[in-house]
Amino acid sequence: MSPGVAAGTVRIFDTTLRDGEQAPGAGLTAAEKLEVARQLARLRVDVIEAGFPAASPGDFEAVQRIARETRGSVAVAALARCRDGDPQRAVEAIRVAERPHLHVFIATSDIHLTHKLRMTRNRALAEARRWVTYGREQLGPDVEIEFSAEDASRTDVDFLLEVYEAVVDAGASTVNIPDTVGYAIPAEFGALVGRVVALVGRDATVSVHCHNDLGLATANTLAAVQAGARQVEVTINGLGERAGNASLEEVVMALRTRPTQFPELVSHVQTEQITAASRLVSYLTGFTIQPNKAVVGGNAFAHESGIHQDGVIKNPLTYEIMTPQSVGLSGSQLTIGKLSGRKGLQGKLRELGHEVEGEALDALYREAIALADAKKEVTDADLLALVEQRAAEVPASVSLLGWSVTSSGGGRSTGSVTVTVAGEERSADTTGNGPVNALYGAVDQAIAPVLGWHPVLAEYEIRAVSAGEDAQGQVLVRCRRSSDSGKGALTVSGHGLSTNIIEASLDAYLVAINKLHGAEISSVRAAFVGRAPAEEMP
Ligand code: KIV
Ligand code: ZN
């Protein structure tokens, strides 16, 4: 039994936009966060943890926009430390939500109390009570007030239980048990969760939040559900600090695939939306998914060996414990040609997990038809790449008017570009050790005098979106500003997509420049630089 969660269900609390975004280099703009939140709503998670409003004005803004826009059964959560200022900002940001969910936390382990917070156990307990009481008073009796004991799995158990009892008494409706550093082992963690459930489970929902430092986040989360936890905190693709968090797709598909292990328990997740969510998050954060990643990796449903292929042809159950369709892989490859209509494209996109209409559909249709002119076949992967590219659009202060490059075997390349920077037209040319290097150098020369910085390339990756000689090339770059250096410097990703890989490279670079220029980034991590010691990040 869990008071805030319908009987027979596990509440899925998605923290991709908060803990996931804390992964170094995964910074998202407010617009990108909103796009992910929309996809999470389509996925039908129960709670979207939208951010950490006290971290920066950008994060406050992003959380408030998500809170305003998300309607229906999905709750919007905001995180706050138990310290003056944080909970106030969080309450202000989520007050506009149809279903606000306040999440306050403080560390309880002696390691954190002694070395990080420099606080006694009694003081931490008092702060926990104080801010839970504050949240309850501000938001009223029906709103979820969640309390997390950071580093719970390394906290003295008697003290931990005392804290949970105190915060429930103060009005917390959910108590979360974070395995903050991914230290727990499933049987041990299940036993701890069982004790918390026995103590406060009648009055509050018991939740878990597992990190993956030992590769056990999913296992620990499932052990916790078996021990009575009824909220799980997860992220798409397991994105998160260090080795990441428990991955939503693994936890949800385990619940669905092994019902006898989780008797009469289901989640509300629309699993057919998992692939679309996974691709979108990977695209916007620039974190590629390893091919052998469970559920969403490129090879998760691929069968290479003859014996396996033979078995799957005879009966997929021989080697597949879930169907590709159940996670939103349509299985079909050939999609659209020059003669396809708008409606056909809309239907195909729906099959791939994207509801597109109106102007967005018109624009995508024009792009898909142009692509069908440039290459023989437009595949599902091509279409998804087009949709994702639109989701990542940023306002352009710097735009490309023209470029050319000459390159020959053994010699240096010469590139020239013309761009507009804040309305001013500028041209530059330079040489480099290859065509992309030469063009990036020319862009740097053109923009630096106006912006006062140029991008520093930290990563460059190119891949073919689909098979065939005429495949589109997708380029991913990661850049920071030359004027920002050191730990915590804001790093953003940019993508370019074209059948011409030089053009894709330039487009990716321009997207990254515009993101850096817009300073629209809401990254929790970036926001903390210079405001609070890094070790205070949860
Ligand atoms: O890992 C952690 O302890 C957290 C808490 C804030 C829930 O992210
Ligand atoms: Zn965490």
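The values are calculated or read from the model by the stated rules, or taken from the named source; none is laboratory data. Keep in mind that this is a model prediction, so the values were computed, not measured. Glycine gets a Cβ as well: all are built from the backbone with ideal geometry, and neighbour counts include every protein chain shown. Areas reflect the complete protein model, heavy atoms only, side chains present, ligands, DNA and RNA absent. Shrake-Rupley method; radii C 1.70, N 1.55, O 1.52, S 1.80 Å.
Beta bridges from DSSP with both residues in the chain: antiparallel share about 50 percent, rounded to the nearest 5. Karplus-based coupling profile of the range 286-295, in residue order and whole Hz: x, 8, 6, 9, 5, x, 9, 5, 4, 6, with θ = phi - 60° in 6.51 cos²θ - 1.76 cosθ + 1.60 and x standing for Gly or Pro.
Placing unit charges on each Cβ (+1 for Lys and Arg, -1 for Asp and Glu) gives the chain a dipole about its Cα centre, and among 171, 148, 302 the Cα reaching farthest toward its positive end belongs to 171. Accessible surface for the range 142-297, divided over its residues, is 34 Å² per residue with a 1.4 Å probe. Across the alpha-carbon set of the range 11-292, the Rg to Rh ratio works out to 0.93, Rh being the Kirkwood radius.
Relative to the first principal axis of the alpha-carbon coordinates of the chain, what is the inclination of helix 30-43, with its axis defined by its Cα atoms, in degrees from 0 to 90 and to the nearest 10? Computed tilt is about 70 degrees.
Taking 31 Å as the limit for the C-alpha separation, the pairs 33/343; 343/515; 314/343 exceed it in the case of 343/515; 314/343.
Here the chain is treated with +1 on each Lys and Arg Cβ and -1 on each Asp and Glu Cβ, and its dipole about the Cα centre works out to around 160 debye.
Once the chain is represented by equal point scatterers at the alpha-carbon sites, with solvent omitted, what log10 I(q)/I(0) does the Debye formula produce at q = 0.12 Å⁻¹? Reported log10 I(q)/I(0), two decimals: -1.14.
In debye to the nearest 20, how big a dipole does the range 11-292 give about its Cα centre with +1 on each Lys and Arg Cβ and -1 on each Asp and Glu Cβ?
300
Sequence-ordered 3J(HN,Hα) estimates for the range 414-423 from the Karplus curve with 6.51, -1.76 and 1.60 and θ = phi - 60° stand at 10, x, 9, 9, 10, 10, 10, 10, 6, x Hz, glycine and proline given as x. Put 404, 2 in order of accessible area, highest first, and with a 1.4 Å probe you get 404, 2. Estimated from helices alone, the mean residue ellipticity of the chain at 222 nm is -12000 deg cm²/dmol (sum of -39500 (n - 2.57) over DSSP H runs with n ≥ 4, per residue).
Heavy-atom accessible area per residue, the range 398-524, 1.4 Å probe: how many Å²?
Per-residue value: 42 Å².
Counting only protein chains, not ligands or nucleic acids, how are 33, 293 ordered by accessible area (probe 1.4 Å), most first?
In descending accessible area the options line up as 293, 33.
One Cα centroid belongs to the range 81-142, the other to the range 312-330; the line between them spans 45 Å.
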